[in-house]
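Working notes, beginning with the structure itself.
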Amino acid sequence: MAAEVSASTADRPPAYLAGLHLTGRRVVVVGGGRVAARRIPPLLESGADLVVVSPRVEPSIEALARAQHVAWLARDYAAGDLEGAWYALAATDSPSVNTRVVAEAEAARVFCVRADDGSAGLAVTPATARRGAVQLAVLSGGDFRQSRRLRDELATHLPPSR
Ligand SMILES: C[C@@]1(CC(=O)O)C2=NC(=C\c3[nH]c(c(CCC(=O)O)c3CC(=O)O)Cc3[nH]c(c(CC(=O)O)c3CCC(=O)O)/C=C3\N/C(=C\2)[C@@H](CCC(=O)O)[C@]3(C)CC(=O)O)/[C@H]1CCC(=O)O
Ligand SMILES: NC(=O)c1ccc[n+]([C@@H]2O[C@H](COP(=O)([O-])OP(=O)(O)OC[C@H]3O[C@@H](n4cnc5c(N)ncnc54)[C@H](O)[C@@H]3O)[C@@H](O)[C@H]2O)c1
């Protein structure tokens, strides 16, 4: 519903769409809740070198840490945690922590998503689908429900993977 989209997200110039090649590149996820758990698998699929900073994490993230697919720092975010990162997610349930993460990202020129307030982030997460080499991504200026719905419709047109 358009009314639920934050005006400042919708009023921004459109985001520039790009595909990030992340193999071996550090991506820092601050917060290990449900949003992080949803976004980590596609980041891993892209080969990212993932670091999760969060005192608690969802069971799926804990399992990835145990299998050494992600590095989990089981503590609160601290300034400097984005060092060496190419991309970051501020995905804690604390707006003030997310503000600090985005401020560090801005200073370090790291593109960073802000999960609780997309209008304050440096990047946004599209609704995506993939079949083989073909990928689609939908952004709707913050209207994630529309993005999800369009993604589901468009995904039915993806060619069979070869
Ligand atoms: C597309 C998708 C991708 C993904 O996340 O993978 C995505 N959100 C999804 C789901 C989802 N989002 C939310 C809920 C729980 C509520 C509910 O269900 O009603 C659920 C459902 C769930 O979590 O299950 C709430 C929410 N989302 C944002 C805010 C803050 C704000 O409005 O600024 C709040 C309120 C938080 C609060 O209340 O505090 C912000 C953003 N969410 C974005 C992307 C970016 C916009 C991209 C675009 O233009 O479309 C943006 C701006 C920034 C970002 O985070 O990148 C994915 C669906 C695709 C899929 O299902 O595959
Ligand atoms: N963008 C989206 O798609 C979307 C979807 C749902 C909710 N949200 C918003 O994003 C936020 C996160 O949502 P969620 O469902 O993942 O929340 P959640 O409660 O499942 O997880 C929050 C995580 O943040 C961690 N955390 C808290 N303080 C921290 C700190 N100081 N340093 C590091 N980690 C810390 C917690 O340990 C927990 O793992 C919520 O505030 C909500 O407003 C966004």
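FYI, it's all coordinate maths here, none of it is from the lab. All values derive from a computational prediction rather than experimental measurement. A quick note on method: Cβ atoms are made from the backbone with ideal geometry, for glycine too, and the neighbour counts reach across all protein chains shown.
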Please report, for the Cα atoms of the chain, the Rg to one decimal and the Dmax as a whole number; what are they, in angstrom? 15.8, 46
Rounded to the nearest 500, what is the 222 nm mean residue ellipticity of the chain from helices alone, with -39500 (n - 2.57) per DSSP H run of 4+ residues and division by all residues? -9500 deg cm²/dmol
Out of residues 5 or more away from Arg12 or on other chains, whose amide H comes under 5 Å of its own, with H placed 1.01 Å from N in the peptide plane? none
Which of Leu20, Leu122, Leu50 fluctuates most in a GNM of the chain (C-alpha springs under 10 Å)? That residue is Leu20
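Any idea what the relative contact order of the chain is, in percent, if you count C-alpha pairs under 8 Å spaced at least 6 apart?
Values: 275 pairs, mean separation 34.3, N = 162.
Relative contact order, the chain: 21 percent.
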Output for the range 61-96: chymotrypsin sites (Phe, Trp or Tyr not before Pro) sitting in coil per DSSP, at most 13 other Cβ within 10 Å, listed by number, reads none
Only Lys, Arg (+1) and Asp, Glu (-1) charged, at Cβ; the chain dipole about Cα centre in debye: 520
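Give, in nm to one decimal, the length gained when the segment between Arg25 and Val134 is fully stretched (0.36 nm per residue of separation minus the Cα-Cα distance).
Working: separation 109, 0.36 × 109 = 39.24 nm, distance 2.23 nm.
Contour length minus Cα-Cα distance gives 37.0 nm.
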Tell me the Rg and the Dmax, in Å, that the Cα atoms of the range 85-144 produce. 12.9, 39
